[in-house]
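Everything below concerns the one structure shown next.
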Amino acid sequence: MWSSLLSCDNVASELRNILAKDWVDYPYDFSHFSARLGFTIMNIFTQPSSDVQRRDPRYDILFESVQIGPVTAPNRFYCTPHAIGAGQQMPHTRAAMREIRAEGGWGVINTGYCSIHPSSDDTPLPFGRMWDDDDIKVHALMVDAVHEHGSLAGVELWHGGGGTGNKLSRMPLMSASGISSNSRYPGWINLAQSRPMSKDDIADFRRWHVNAAKRAKSAGFDIIYIYSGMGFGPYQFLLPWLNKREDEYGGSLKNRARLTREIVEDMRDAVGDSCAIALRFSSDELMKLPGELHETAAHDIIAELSDVPDLWDVKSSSWATETRSARFTESGAQEPLVKFVKPLTDKPVVGVGRFTSPDDMVSQIKRGVLDLIGAARPSIADPFLPRKIDEGREDEIRECIGCNICVSGYHDGVPIRCTQNPTVGEEWRRGWHPERIKPATSNGTVLVVGGGPAGLECALSLGKRGYQVTLAEARDQLGGRVSIESKLPGLASWARVRDYRTNLLRVMKNVDVYLNSELTVSEILEFGCDHAVIATGAHWTDDILDVNGAFPIPGFKCKNVFTPDDMFSGADPSGPVIVYDFNYYYMGSSMAELLVEQGKEVIYVTPANAVAAWTFMNNEASDIRSRMMDLGVKIILEQYLTAFDGSKAHLESVYSGQNPTSLNCGSIVVVGNRRSNDGLYHELLGNANVQSLGLTVQSIGDCNVPGIIAHAIYSGHEYAQNLDTKVPDIPFKIERPLLY
Ligand code: ADP
Ligand code: SF4
């Protein structure tokens, strides 16, 4: 098979003529060629799409400038404030990440939340700070970098009120009436209560906002936010269930809105000559307000403050609902929370919606929903999204897949990572860029074995560097696990991981892609490349957990035990089916969902204390739990599965081996550990000819260590970045604190 592929390479130009019509008809359907010819060569069409450099006039409206108070946004692409996991301690990381978005064409780039005073301290989560003059230079670094590219820089000033922790500052929390918002923010529950704010506190609160605004102005910011949303500071005054005051700051809606109005007006007086004042506001809680005479309190507040700020930034009140994953929402899902705002104000309105399609963006503007297209996740996945639209390269947009791995980085207290964009967070410390990569430094040829996320990213990035690359994939389709998992309920957008890369590979002259090519050691040696990269993935095991140490041990040797791989291959377990989940991410619940779709009765069992326990990190936990309840999945928490005889399963509490229970069931799907498919890799390493041929061998992605898709993409990219480079022991720069 392999030798026939080699000879086929020589007749590529003939094949181009033969297949030209088929390519036009089936531009993405490699299996069509495969069925006809028994193999596929992808590099035979060499027209680079980057030849097209003009934007579609339909998108002109996105590139119109927008006046925001005293400043002008050069276009409608607006990076809304969002946490990037690099707090005040990482000024270079923050500046570099945001500069690249300015370079990529975003007209406005904002910081994440930036505390105005130690009485609002979100430690251990990574947040920005504007506490004293020494904080200014950290921000100036970012502002200068953003201005360098002609974009505006905004800062999201923030006081959490009773909705933060003050774990570092140890100052008492304060709020409108001493009622703390009882946030169900997963994994982040505060024990601290807050005290009611006195008139002096309110005066301080206003003064701290003004002082922070003045510092922001001297850092060079163009847009300065007051954050009156999401359960924070001034927003707590707006909500009647948190504001029980009887003074001029409580009671009527006008009174509850007073503090927000005062802060905007104070800030305008202090810095409004050159800086726009933006008001960030959550509408959803107020839209549900019971007993209001008018349509909703959110309408009334917008009407009350209508033209007070220079910009309305409207969002939803909890991060978990604002950044729902694609499994649970379509893009544009925020529209009902925002669309009532524009008719109530003459000021520009920005909102988000995980927009990656320029047509959707144009529709938002033309239908009068938004003036500025807000983005966090789409700008993380593709910092160059605006430039690509401007240059007529929409098909090269690296579309966000809505997986929320970025969110988990922030919760982990580390710079965000992204499934689609392996360079995010690495801009400064490793010098990685989402669009550019250093050229090849040798004529070495590379064979990448396996066309899953790791192999695809590796081949693409090596191809960009200019190496001669061959990618061989065993199956008749590229994408590996994403091609399989994107067929699971709600995960269709995950196929974008494959499609973005195959779309670019298709036009690369120096990358050959072969399908239906399961390589062996001898075929790899015979091929004669300089570098072999093994990206053969991993497989699910049916190992279970040892009840003592919670280590994996061999599973039940019984025919009614399945893994997710068995399910992907069409297994039909007899019900009731136990899904035993000690993987703790999406797959257990996805298996349950799939089985319910197949009409099976499903019992979800896990040693953890929550369904899909890890997913509080990426904001999916409550959606997954609700979905399981809606589907009628029976849930059993904090139990080990200890025995199964084919019809009865035994469970034991994770806290005590006492009172084991048994359940009648037809089969079990174990969602636990994965093991690398590294047989080929180790065989190669052990082959005597490898050294004599001078072949380097490296495993990447799941073959190297099983992990999430983001890790596989990162690993493939890292290999490509490092080829022909001596990597130092410490492979990146470190942000160092300033010593006094
Ligand atoms: P990763 O996430 O690390 O990219 P995947 O499991 O998604 O891993 O992809 C691995 C890919 O490697 C799969 O598409 C699989 O078909 C392919 N593969 C496995 N073994 C071979 C082999 N010997 N030759 C070519 N491709 C292989
Ligand atoms: Fe989008 Fe996922 Fe990247 Fe976040 S991690 S930006 S959700 S692709």
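Given the residues Gly272, Gly220, Gly251, which is the only one that is in contact with a Pro (Cβ under 8 Å, 6 or more places away or on another chain) and open to solvent by 10 Å² or more (accessible area, probe 1.4 Å)? Before the answer, list the steps.
Numbers: Gly220 fails: in contact with a Pro (Cβ under 8 Å, 6 or more places away or on another chain); Gly251 fails: in contact with a Pro (Cβ under 8 Å, 6 or more places away or on another chain).
Selected residue: Gly272, the only one of Gly272, Gly220, Gly251 that is in contact with a Pro (Cβ under 8 Å, 6 or more places away or on another chain) and open to solvent by 10 Å² or more (accessible area, probe 1.4 Å).
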Looking across region 684-706 at residues that are away from ligand 1 (no atom under 13 Å from the Cβ) and assigned to a helix (DSSP H, G or I), the single one that is farthest from Val482 (Cα to Cα) is Ser692
Counting only residues in region 707-725 that are in contact (Cβ under 8 Å) with a residue 24 or more places away in the chain and more than 20 Å from His433 (Cβ to Cβ), the one farthest from ligand 1 (Cβ to nearest atom) is identified as Ile708
Open item on the list: With the structure loaded, tell me whether Thr419 is within 28 Å of Pro728 (Cα to Cα), touching a helix residue (DSSP H, G or I) at 6+ places or on another chain (Cβ under 8 Å) and at pLDDT 95 or above or whether it fails that test.
Closed with: yes
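Yes or no: region 333-346 includes at least one residue that is in contact (Cβ under 8 Å) with a residue 60 or more places away in the chain and more than 16 Å from ligand 2 (Cβ to nearest atom). So that I can check it myself, show each step before the final result.
Of the residues in region 333-346, the ones in contact (Cβ under 8 Å) with a residue 60 or more places away in the chain are none.
Among the residues of region 333-346, not one is in contact (Cβ under 8 Å) with a residue 60 or more places away in the chain and more than 16 Å from ligand 2 (Cβ to nearest atom), which makes the answer no.
Confirm whether Ile524 is within 15 Å of ligand 1 (Cβ to nearest atom) and open to solvent by 10 Å² or more (accessible area, probe 1.4 Å).
Details: within 15 Å of ligand 1 (Cβ to nearest atom): yes; open to solvent by 10 Å² or more (accessible area, probe 1.4 Å): no.
No, not satisfied.
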When (1) within 22 Å of Asn110 (Cα to Cα); (2) open to solvent by 50 Å² or more (accessible area, probe 1.4 Å); (3) not in a loop (DSSP other than H, G, I, E, B) are applied to Arg324, the one that fails is (3)
A careful count of residues in region 373-405 that are farther than 14 Å from Gly112 by Cα and either open to solvent by less than 10 Å² (accessible area, probe 1.4 Å) or within 14 Å of ligand 2 (Cβ to nearest atom) (or both) gives 19
Of the listed residues (Val449, Val469, Val482), the one being near ligand 1 (Cβ under 10 Å from one of its atoms) and in contact with a Leu (Cβ under 6 Å, 6 or more places away or on another chain) is Val449
Checked region 406-458 for anything basic (Lys, Arg), over 14 Å from Gln721 (Cα atoms) and more than 10 Å from ligand 2 (Cβ to nearest atom); matches are none
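Among the residues in region 728-739, are any open to solvent by 10 Å² or more (accessible area, probe 1.4 Å), outside any loop (DSSP other than H, G, I, E, B) and away from ligand 2 (no atom under 16 Å from the Cβ)? Let's see the steps before the verdict.
First, the residues of region 728-739 that are open to solvent by 10 Å² or more (accessible area, probe 1.4 Å): 728-739.
Narrowing the set further to residues that are outside any loop (DSSP other than H, G, I, E, B) leaves none.
Within region 728-739 (the criterion being open to solvent by 10 Å² or more (accessible area, probe 1.4 Å), outside any loop (DSSP other than H, G, I, E, B) and away from ligand 2 (no atom under 16 Å from the Cβ)), the answer is no, since none of the residues qualifies.
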Residue pairs qualifying under the 9 Å Cβ cut-off, at least six apart or on distinct chains, with the first in region 466-491 being β-branched (Val, Ile, Thr) and at pLDDT below 95 and the second being near ligand 1 (Cβ under 8 Å from one of its atoms) and not in a loop (DSSP other than H, G, I, E, B), are none
Flagged pairs (Cβ under 7 angstrom, 6 or more apart or on separate chains; first in region 672-687, in contact (Cβ under 8 Å) with a residue 60 or more places away in the chain; second assigned to a loop (DSSP other than H, G, I, E, B) and open to solvent by less than 40 Å² (accessible area, probe 1.4 Å)) are Gly672/Thr541; Gly672/Asp543; Gly672/Phe582; Asn673/Thr541; Asn673/Asp543; Arg674/Thr541; Arg675/Thr541; Asn677/Gly537
In region 141-156, anything of a type outside the set (D, E, K, R) and assigned to a strand (DSSP E or B) is listed as Leu152, Ala153, Gly154, Val155
Per the filter on region 699-727, residues at positive phi and open to solvent by less than 60 Å² (accessible area, probe 1.4 Å) are Gly701
- Does Glu620 satisfy the criteria of being closer than 24 Å to Gly490 by Cβ and more than 30 Å from the chain's Cα centre (by Cα)? no
>> When you scan region 451-463, do you find a residue that is at positive phi, modelled with pLDDT of 95 or more and part of a loop (DSSP other than H, G, I, E, B), even just one?
In response: no
Asp247 meets each of (1) out of contact with any helix residue (DSSP H, G or I) (no Cβ under 9 Å at 6 or more places or on another chain); (2) over 30 Å from Thr615 (Cα atoms); (3) in a loop (DSSP other than H, G, I, E, B) with one exception, condition (1)
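Among the residues that make up region 329-350, is at least one of them aliphatic (A, V, I, L, M), in contact with a Gly (Cβ under 6 Å, 6 or more places away or on another chain) and assigned to a helix (DSSP H, G or I)?
Checked region 329-350: at least one residue is aliphatic (A, V, I, L, M), in contact with a Gly (Cβ under 6 Å, 6 or more places away or on another chain) and assigned to a helix (DSSP H, G or I).
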Margin query: So for region 609-618 (the condition being at positive phi, surrounded by 22 or more Cβ atoms within 10 Å (Cβ to Cβ) and in contact (Cβ under 8 Å) with a residue 12 or more places away in the chain), does at least one residue qualify?
Written below: yes
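The values are calculated or read from the model by the stated rules, or taken from the named source; none is laboratory data. Since the model is a prediction, treat every value here as computed from it, not as a measurement. Every residue, glycine as well, gets a Cβ built from its backbone with ideal geometry; the counts of neighbours run over all protein chains shown. Ligands, DNA and RNA are excluded from the accessible area calculation, which covers all protein heavy atoms including side chains. Shrake-Rupley method; radii C 1.70, N 1.55, O 1.52, S 1.80 Å.
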